[in-house]
Every structure is written in structure tokens, then in C-alpha cells.
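The values are calculated or read from the model by the stated rules, or taken from the named source; none is laboratory data. Everything numeric here is computed off the predicted structure, so don't read it as measured data. Glycine gets a Cβ as well: all are built from the backbone with ideal geometry, and neighbour counts include every protein chain shown. Heavy atoms of the whole protein, side chains included, go into the accessibility calculation; ligands, DNA and RNA do not. Shrake-Rupley method; radii C 1.70, N 1.55, O 1.52, S 1.80 Å.
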Amino acid sequence: MTPARTHPPAPPESTLTTTVITNIRSLVTNDPDLGEGPLGLVGDAALVLDGDRVAWAGPAVRAPAADRRVDAAGRAVLPGFVDSHSHLVFAGDRTAEFNARMSGQPYKAGGIRTTVAATRAATDAELSANVSRYLREALRQGTTTFETKSGYGLTVEDEARALRIAAEHTDEVTYLGAHIVSPDYADDPAAYVDLVTGPMLDACAPYARWVDVFCEKGAFDGDQARAILTAGQAKGLQARVHANQLSYGPGVRLAVELDAASADHCTHLTDADVDALASGNTVATLLPGAEFSTRAAWPDARRLLDAGVTVALSTDCNPGSSFTSSMPFCVALAVRDMRMTPDEAIWSATAGGAAALRRTDVGRLTPGARADLTVLDAPSHVHLAYRPGVPLVAEVWRRGVRVV
């Protein structure tokens, strides 16, 4: 397949305002009004960008004129991936933990606490450089929007620092002081909840859009999670919840009750949990990288989709349980092991992620949306699952600029 090419003559870069990308073999718009099925697929398509926005999408033969023409060379184009769950502000390494787990050997190091110690010891520059590194990885694989959390500081100063650093890289910043009970409060979890809902929240809220809690045995129970989430909401933060990852519990239903944007993991669900998700506005965000890296049971995406639940896919990129920044890898896992169709997985990795962030300007390629798109070195989005592990992302455009 020949590389994409720009056709001369073109006006000077400073005067360019519109670009038409043509000769697109298959265009995913995520708008059924523009094309076939839920993905709004358009064959032999074109896309017109006006500055940082999509101006038009449809069949190439009907494309309006533009200042510049870019030939997609028969490739597929889809919205940039929206990664709505990651933990990128950290330092340190947990290779030994992963190696032991995969080798069936006992491992007694500190897990999250290991990362907390390393993160506290790192400089601001080191933490910011780590975030930049993993974002470059993700961008090369088609991710144009991402969320990231604190949660590896667990002191007022370290949590606020993590969020300040995260906010330098994204608008989608989540306060997760309630990741685990801080080792400093191991003998007094109630006092730690008071800290998370009081001085820590006061210091962190100015940098965050979201508040999150790990509602799970060994972390925070339903009453503690409710207190943390409602305190954050009172400060103007919107809720999202780590829910039902390791066991059955109250996390999913609490998320729906509090109108959280997303309940993340959703591995162990009762019928009541599924019914709650289907009847509410909370997205079920599935994180197959975590199951892959821990050999845990896969979430049943088919059960959720058949019940009418809105599903998102995300990487959960973190140093302990899902050290991947690759949304294409998560798409392939979802299709192979979570019983999603390729179309469902692509929708969940783009429009689904946008829904989990309550965004309407990303995750789709429709007039008015942000001009974030991924060009595959393949004729169809299906190749992301059909050819797993192959670097198929040929180009990435963000805000109307080709950045990869």
C-alpha cells in the first residue's frame, strides 16, 4: 500500500485553513446518520477539516473543495482513541512483581505501596518526564484524548503535586487520593478518609475535574466510598468509580446512584448491577489489560452490551496491573476474550471512551467534532483485531494537525 501523500500545489502553510483527506477506503464516523451501522461507516470516503474541527464527512465524490488535498491512499480512518482510565503520574518499576506473578511464584513486595514510595521520592521533573514518555507511546498508537489520575502520593502534598503535573498534560484529571489507605494511616483508615475528604480534597480540587475511589475489599467499603465521592461532588468534581474489579460489591450500584460518569473494571457483576447500569447514565469502562496482566477472569462485555449498557474500553495504564498504553492491544483483547465484535470494540474505544468522560467533541468524526483521527495502514478498522500486535497506525492527527 503506497504511503499517504500531499498533492501540490498547495498554498503556504500559514494560509491553509481547510484540508480534505480523500481516497479513504473506510471511514468510521460513529454517526449512524452519516453512514452504515452504529459506526456510521462510509466507504470510498473523504473528510474535510477546518482548523481544529471536522467540517464535513461523507462519500469522496461529494466532498467540498478545500485549500489542501491529502491522499489517504486507500487506508481506513477512524476517530482518535479516547483512553478514559490511566494512572500515569508515577515513578519506579514493578517488573519483579509481574515476573513472579507470571512465573507462578510467591511475591511479597508492596504492590501499590512500592509505587507510592518511589513516587514520593521522585522529583517533579522526573514525574512529568514519565507522563510525557507514556503519552508519546499512546499517541503513536492512535490515542488523542486521555484521562489520568493521582493515587500514588497519598499525602496532601504528593497528591496535589501529582494532579498539578497531570494538569500540565491533559484536562481530564482525576483525584484518586482514595486509591488505597495510605501506609501512614494503616491503623486508622477512618482518619485517612477524613484526610481524603478534607485537607487533601481542598488541595487537590483546583487541579481536577473528577473524583474517584477504589471501592473494593482491602481498599474502601461502600460507606467510605460514598463519603469520598459526595465530598468531591460538593467541591464541584464529577464522580467515577473503580468498581467490582476483584469481587462482588457495592461499587457499581453506588456509581449509578451518584450519577458517576463511569464505573471502571466491572468484572464481578450481579444481575442487579447490570440492571442498574442499563437503567442509568453510568458507562461501564472495561480494562482488559488488567485481566491480561493478572490472569484474572475477563469481564463479560457481551452480557453488558446485550443488556443495553454503554461500554467503554480503556488501557488502565499503570505500573502494577496493566502496563500498556496501547488501545489497539485492548481492542484486540476485547474482541478475542471479552466477546465483543470488532465494531463494538472500536466504538467503545472511541465514542464509548468519550461517553465515559462525558465529552461530545471527541470520539467521533462528524461536523463540529475535534479533528482527532487515526489513519491505519489497512483498509478497515477490523484489522486492529484481525492483525493483533502489528503496528498498523500510520498517521495520527490531533486538532487538525498531523502529529504522527
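State whether region 327-378 is rounded, prolate or oblate according to the following rule on the C-alpha gyration tensor (a ≥ b ≥ c being the square roots of its eigenvalues): a/c under 1.5 gives rounded; otherwise a/b larger than b/c gives prolate, and the remaining case gives oblate. Oblate, since a/c reaches 1.5 and b/c is not below a/b. Between S103 and D52, full extension at 0.36 nm per residue minus the direct alpha carbon distance yields a gain of 13.6 nm. The stretch between V401 and E257 holds 47.8 nm of extra length on full extension. This uses 0.36 nm per residue minus the Cα-Cα distance.
Legend: residues R136, R53, R387, sorted from most to least accessible area (1.4 Å probe; ligands, DNA and RNA excluded), read R136, R387, R53.
Taking 45 Å as R0, compute the FRET efficiency from the Cβ-Cβ separation of D221 and T17 and round it to 0.05.
E(calc), rounded to 0.05, equals 0.25.
Sorted largest first, the spans of the alpha carbon positions of region 201-271 along the three principal axes are 36, 22, 17 Å.
Accessible area per residue, 1.4 Å probe, Å², for the chain: what's the number? Write down the numbers at each step before the final one.
Working: 15790 Å² over 404 residues.
Value returned for the chain: 39 Å² of accessible area per residue.
Answer rounded, prolate or oblate for region 101-222, using the Cα gyration tensor with square roots of eigenvalues a ≥ b ≥ c: rounded when a/c is under 1.5, else prolate when a/b is larger than b/c, else oblate. Here region 101-222 falls in the oblate category.
Looking at region 327-371, which trypsin sites (Lys or Arg not before Pro) are in a loop (DSSP not H, G, I, E or B) and have at most 10 other Cβ atoms within 10 Å?
Working: sites: R336, R339, R358, R359, R364, R370; in loops: R339, R358, R359, R364.
Sites meeting the loop and neighbour criteria: none at all.
The three principal axes of the Cα atoms in the chain give end-to-end lengths of 70, 45, 45 Å, sorted in falling order. For A312, nonlocal amide neighbours, meaning residues 5 or more places apart or on other chains whose placed amide H falls under 5 Å from its own, are A284, T285, L286.
A Förster radius of 35 Å, combined with the Cβ-Cβ distance separating D271 from E36, puts the computed FRET efficiency at roughly 0.55. Compared with the dominant principal axis of the Cα atoms in the chain, helix 327-337 is inclined by about 80°.
Shown in residue order for region 155-165 are the 3J(HN,Hα) couplings computed by the Karplus curve 6.51 cos²θ - 1.76 cosθ + 1.60 at θ = phi - 60°: 10, 4, 5, 6, 5, 5, 4, 4, 6, 4, 5 Hz (x for Gly and Pro). Given R0 = 56 Å, the distance between the Cβ atoms of R302 and D67 translates into a calculated FRET efficiency of 0.75.
Value of Rg to Rh for region 317-404, rounded to two decimals, is 0.97; Kirkwood radius and Rg both from alpha-carbon coordinates.
With contributions of -39500 (n - 2.57) from each DSSP H run of at least four residues, the per-residue ellipticity at 222 nm computed over the chain stands at -9000 deg cm²/dmol. Spacing of the modelled spin labels on A190 and A234, each 7 Å from Cα toward Cβ, amounts to 1.8 nm. Here the 3J(HN,Hα) profile of region 188-195, calculated from phi with Karplus coefficients 6.51, -1.76 and 1.60 at θ = phi - 60°, is 8, x, 4, 5, 5, 4, 4, 5 Hz, Gly and Pro shown as x.
Note on R133 and T95: the extension gain reaches 11.9 nm, defined as 0.36 nm multiplied by sequence separation minus the Cα-Cα distance. Per-peptide packing, taken as the mean over residues of other Cβ atoms within 10 Å, places 275-281, 181-187 in the sequence 275-281, 181-187 from highest down. The 3J(HN,Hα) values that the Karplus relation (6.51, -1.76, 1.60; θ = phi - 60°) gives for region 44-58 are, in residue order, 6, 10, 9, 9, 10, 10, 10, x, 9, 10, 7, 9, 6, 8, x Hz. Gly and Pro appear as x. For the pair E126 and D202, label points projected 7 Å from Cα toward Cβ lie 3.0 nm apart.
Counting only alpha carbon atoms, the long axis of helix 124-140 and the longest principal axis of the chain meet at about 40°.
A simple spin-label model places the labels of R339 and A167 4.3 nm from each other, with each point 7 Å out along Cα-to-Cβ.
Rounded to the nearest 5, the antiparallel percentage of DSSP beta bridges internal to the chain is 50%. Among the trypsin sites (Lys or Arg not before Pro) in region 273-318, those located in a DSSP loop and surrounded by at most 10 other Cβ atoms within 10 Å of their own Cβ are R295.
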